[in-house]
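Please read the structure below before turning to the comments.
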Amino acid sequence: MTYTIDEWFVVALARTIRDREVVFHGFGSPCAQVAMHVARRTHAPDMLLIEGAMYAINPDPPFIPPTSNDNSLKQGAAYSMRFEEFFDAASRGDVDRMFLSGGQIDGYGNTNVTAVGPLDRPKVKLGGGGGGCNISATIGQLTLWTTRHRSGRTLVSSCDFITDIGHVTPAGDRKALGYSGGGPQWLVTELGIFDYDGSGIARLREMWPDVTEDDVRSSTGFEFEVASDLGTVEPPSPAELAAVRAIDPLGVRRSEFDPGELQRTFEVALH
Amino acid sequence: MTYTIDEWFVVALARTIRDREVVFHGFGSPCAQVAMHVARRTHAPDMLLIEGAMYAINPDPPFIPPTSNDNSLKQGAAYSMRFEEFFDAASRGDVDRMFLSGGQIDGYGNTNVTAVGPLDRPKVKLGGGGGGCNISATIGQLTLWTTRHRSGRTLVSSCDFITDIGHVTPAGDRKALGYSGGGPQWLVTELGIFDYDGSGIARLREMWPDVTEDDVRSSTGFEFEVASDLGTVEPPSPAELAAVRAIDPLGVRRSEFDPGELQRTFEVALH
Amino acid sequence: MFLDPDKRVDLSTAAGMVADGDVVALGGGLSARLPMALIREMIRQGRRNLHVVGSAHSLDVDMLVAAGAITVCEESYVGFEQDFGLAPAYRRAAESGTIQVKESCCVTILTQLRAAEMGVPFLPVRGIKGTDMRRLHPEYAEMTCPFTGEVLVVVPPLRPDVALLHAPLGDTRGNLYMEQPYVLDEHFASAARSVVATVDKIVATEELVERGITIPAHLVRGVAEVPFGAHPASSYPHYAYDRSATGAYIRAAGTQESLESYLDEWVRSTDEAGYRDRQGSAELERLTTWSESVDAWKGLFA
Amino acid sequence: MFLDPDKRVDLSTAAGMVADGDVVALGGGLSARLPMALIREMIRQGRRNLHVVGSAHSLDVDMLVAAGAITVCEESYVGFEQDFGLAPAYRRAAESGTIQVKESCCVTILTQLRAAEMGVPFLPVRGIKGTDMRRLHPEYAEMTCPFTGEVLVVVPPLRPDVALLHAPLGDTRGNLYMEQPYVLDEHFASAARSVVATVDKIVATEELVERGITIPAHLVRGVAEVPFGAHPASSYPHYAYDRSATGAYIRAAGTQESLESYLDEWVRSTDEAGYRDRQGSAELERLTTWSESVDAWKGLFA
């Protein structure tokens, strides 16, 4: 049996969630969205899953649709938060984890989803940050991810615009800014997985088996440490793979990947 | 046919409401409560009636109960505001009129519903202001009322504590305080009806036919002007009386009056 | 947040979730959905030094004051409206200085709860200036608006240690269904460190979903099923306000001595099952007849 | 407040309640409950210089930008998620500087709306510091909390001239029923000077009461009945998002020239009845089959 990088990728994202965490993803984030449902169906059954843009609590959607405001995403939820109810909870520190991506991500985990290039005449006007900006300051921990690491344009030495804050910004670190949130804990890319060292800089912890440290380094615009026990990402379990396929029969998660990446196929090892 | 002072009194209160006004009464205010329903059933059919403590919009209660949080008070209402929805509307100036009473009322229409006597050891601890304090600043106009004018202790030269603000306070007038609300427009008592002159002081406009100017003066602790056209309160119409009796079959409005006052009976004039 | 799948506790455990000295938000208002079973149970447990906060309340606060459980009272109103008038025990305690009255205003309390909900250390209010409220609240401050130059009173967040709520229906997870008015209950639930609830009845989650959940389970630490748990306050759609039982309290409350007898008889010497027995099942059932006809409903208040 | 007992207007009158230069709040979000019939009608009427505000939006904003109706865009996101990616016309206009992008954050917009709702001239927000958002918003200020000494960003009220909302159901008075997520619609309704709404269907007030009214009539200035008035956005419980019609827009939006042809064909040369005809009644009816089975629902997105 084989599986593809998109499946493994969302499993890796799912594993950043601990059981009994209160977890949120934003809209337009199918990989994070699928990952949250995978986590809830595998190792984190008692997490509180807040469905992004619907603010539905612990729904059991029959499928993941290609848009985040579809009613399928609140099926089975006994309760949906109001807009302000979610954002207040996040602002006062009652949400443990949020998934965040970015068109640019720097070494401290600051992200840019606003504009690449000069602000008055951007080279690329990105979509915008939605609600991430303020609550990136207060949510317990952040799982960052990108599926565009290999482009070389995503992990940058410095963001052209900071939409969501990481560990350290030009205006100071989180402590100086008075923020209670812990900031980025993980950065998962299609090449590897980073955590953050004591100074708030990304540190490479694991890579996919078809990726080399040179691949990572040549695609990364910032200097990063490498963990002394640099390893390979743990393969998905049959249960995890089954969960991915059950929750996302339309394969909406794939829309985040460059078509070339989707060719990356792996074999389930026979023990 | 006869009618009593409580009936006439609520009719007089009702007439302070203009059609197409947005009007609110607080809890524990049966006279104002009955008056609002009388107004809506007679001269102000298109007012927006916000039922105090229920925040129900334009209900048709089958009767007025002796407590303001009873579900009978939202019968027939298509919509009930949430607590914050009402208080926000009042704070931003979207409510045209509120009825307010007080254990003490001074000449500027400041009211005290907190405590009579020194604050650390009050002579009488009153119930408290509920939500009146802040929104007395921002609601369009206020109709003040008391059924305890004759006691001599209610209309005072100066409140021991200002809970809700009138036209002028020791800290300045409404303009100086930056308040958009117009303040007291009417003060209706069981002896007579006052409006307010340009300096914000109560001015006697009408009296009940069984009351003399001396009665009013001897019961009033502040100096007041008397309108040059001082008159008698217009008797209730049959429709108004019928509305009072229909909306308040339990006579809850009477609980505001001293038993002695309730003996005041009037004859419907035959034309 | 509270993620346990089963939050059911007995009333004694629920009341035990309030500690002496806690800042306690009281749900409901006036004669509706007061958490009376929790109030009575806290009196049985001898709770002391509570700082209660809320909007317009009546028997819940007065009875806690009578039992000596309250040190600070930060409600916007305590009383029995025009029907029974001033709150007897509260009034005596306030006039003799045995409780600290930090009377507040509904909008101010709402604003302070919102600050806690929003995770900000201050919020402005439009009113207060010109009134004497700051004599009771030296903790308020003033700030000048950077946009308009206006000076506004600003207030700090209010984060109760626990909110005590009563709902007609709940489920085992702690989801609660209420009828309007919710009063401050939703804000208490979000702003407080925890919610402890009583419900008249625990039902299947599906039944709550059908009606609409008012307070979600993740805010609720414990839920106790207590029939007539709001009595003598109302808990619609189940039962109306018991005016006669409230009147009995008022009559007993004329002196602290007779009030002590009342508390001994109705609270301290019994539990909630005994309380219901002593009230009389016929009397309690009568309160559920409000929906039969307007006359039946009106008859409850005659 | 709006107290007329009959608020029904036709779509042209409804769209005419928006003036050139207005600050316009757009209801719904992403692909749900966008006020598309009003958007199309405003384009037909040649509305200009709008300042649009909202949270995460897509086709509504992009089409207004394509038609040259927007001068300032203060949304938290404009795009088509991962499915169709960046918003083509919005992106071109932002990159060429023909619109002013005052991109904001959901929490900031919510806070500014709350200031308008609460009638206060400023409110603090916890975040923003450390980000570059203030480069887009020199109007924000900072204040020092008098209680904690913390410096927080404070924002002014946001009081839209008009909020354009779409609801599946409404009544003649202007009461509106919506399904969750309400997104910012409730706050828009309270904060804006007026609400102009389209509904797929006008029904009896009793039917709305049964379901629960989301936006009360007294906030609504006019309501127009427009079947499929949110299309191609969803309007549950009636119809799902039309991915295929959205895809057709995206394909046309590759250049401003082909986009003009699209607007001529689908908007400017017809009215809403014609729009529905051209979309095809079979295609539109298909969007209502979502509730028949999971396969039918899923099939709409395949």
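A short reminder: the numbers here are calculations on the coordinates, not readings from a lab. It should be emphasised that the depicted structure is a prediction, and the values quoted were computed from it without experimental measurement. Positions of Cβ are generated from backbone atoms using ideal geometry, with glycine treated the same way; all protein chains shown enter the neighbour counts.
Table for the structure above
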| item | result |
| --- | --- |
| For D:GLU285, inter-copy label distances in nm, listed shortest first [label point 7 Å out on the Cα-Cβ vector] | 5.6 |
| The protein assembly as shown - charge dipole about Cα centre, Lys and Arg +1 at Cβ, Asp and Glu -1, debye rounded to 20 | 1140 debye |
| GNM result for chain C, Cα springs below 10 Å: residue of C:ARG173, C:ARG221, C:ARG135 fluctuating most strongly | C:ARG135 |
| Segment C:6-57: C-alpha gyration tensor shape, a/c 1.5 cut-off, then a/b vs b/c | oblate |
| Estimated distance in nm for a label pair at A:ALA239 and D:LYS201, the labels positioned 7 Å out from Cα along Cα-to-Cβ | 4.5 nm |
| Per-residue Cβ neighbour rank within 10 angstrom, fewest leading, A:ILE201, C:ILE39 | A:ILE201, C:ILE39 |
| GluC sites (Glu not before Pro) within segment C:207-283: DSSP coil, no more than 16 neighbouring Cβ in 10 Å | none |
| Label-zone membership for segment B:151-178, site C:GLU150, 7 angstrom Cα→C-beta point, backbone N under 11 Å | B:177-178 |
| Cα lying deepest toward the dipole's positive end in segment A:108-210, options A:GLY117, A:PHE194, A:ASN134, charges on Cβ | A:GLY117 |
| Residue of B:LEU155, B:LEU144, B:LEU241 that the Gaussian network model of chain B assigns the largest fluctuation, springs spanning Cα pairs under 10 Å | B:LEU241 |
| Inter-copy separations for A:PRO238, label at 7 Å along Cα-Cβ, nm, ascending | 8.9 |
| Within-10-Å neighbourhood charge of A:PHE224 [Cβ basis; K, R +1; D, E -1] | -1 |
| Net charge of Cβ neighbours under 12 Å - reference A:GLY76; Lys, Arg +1; Asp, Glu -1 | -1 |
| Chain B: Cys lacking any partner C-beta under 4.7 angstrom | B:CYS31, B:CYS159 |
| Global form of the protein assembly as shown, assessed from the alpha-carbon gyration tensor, a/c cut-off 1.5 | prolate |
| Across the identical copies, how the B:GLY260 labels are spaced - nm, sorted shortest first, 7 Å along Cα→Cβ | 9.8 |
| R0 of 22 Å, Cβ-Cβ distance C:ARG134-B:SER199: FRET efficiency to nearest 0.05 | 0.25 |
| Residues in segment A:138-154 that a label on A:ASP215 would reach, taking backbone N under 11 Å of a point 7 Å out along Cα→Cβ | A:150 |
| Residue of B:MET207, B:MET54, B:MET81 that the Gaussian network model of chain B assigns the largest fluctuation, springs spanning Cα pairs under 10 Å | B:MET81 |
| Whether segment C:115-260 is rounded, prolate or oblate, judged on the alpha carbon gyration tensor where a/c under 1.5 counts as rounded | oblate |
| Cβ-based exposure ranking for C:LEU64, D:LEU11, in which fewest neighbours within 10 Å come first | D:LEU11, C:LEU64 |
| Segment A:74-135: trypsin sites (Lys or Arg not before Pro) in DSSP loop, at most 10 other beta carbons within 10 Å | A:LYS123 |
| Ascending count of other beta-carbon atoms within 10 Å, so fewest first, for A:HIS149, B:HIS43, C:HIS238 | B:HIS43, C:HIS238, A:HIS149 |
| Solitary cysteines of chain C, where the nearest other Cys Cβ is not under 4.7 Å | C:CYS73, C:CYS106, C:CYS145 |
| Rounded to whole Hz, the Karplus (6.51, -1.76, 1.60) HN-Hα couplings of segment D:24-29, x for glycine and proline | 10, 8, 9, x, x, x |
| Per-pair calculated FRET efficiency, R0 = 25 Å: D:ALA248 and D:ALA296 via Cβ, rounded to 0.05 | 0.70 |
| Theoretical FRET efficiency, 1/(1+(r/R0)^6), r = Cβ-Cβ of A:ARG153 and B:GLN75, R0 45 Å, to 0.05 | 0.10 |
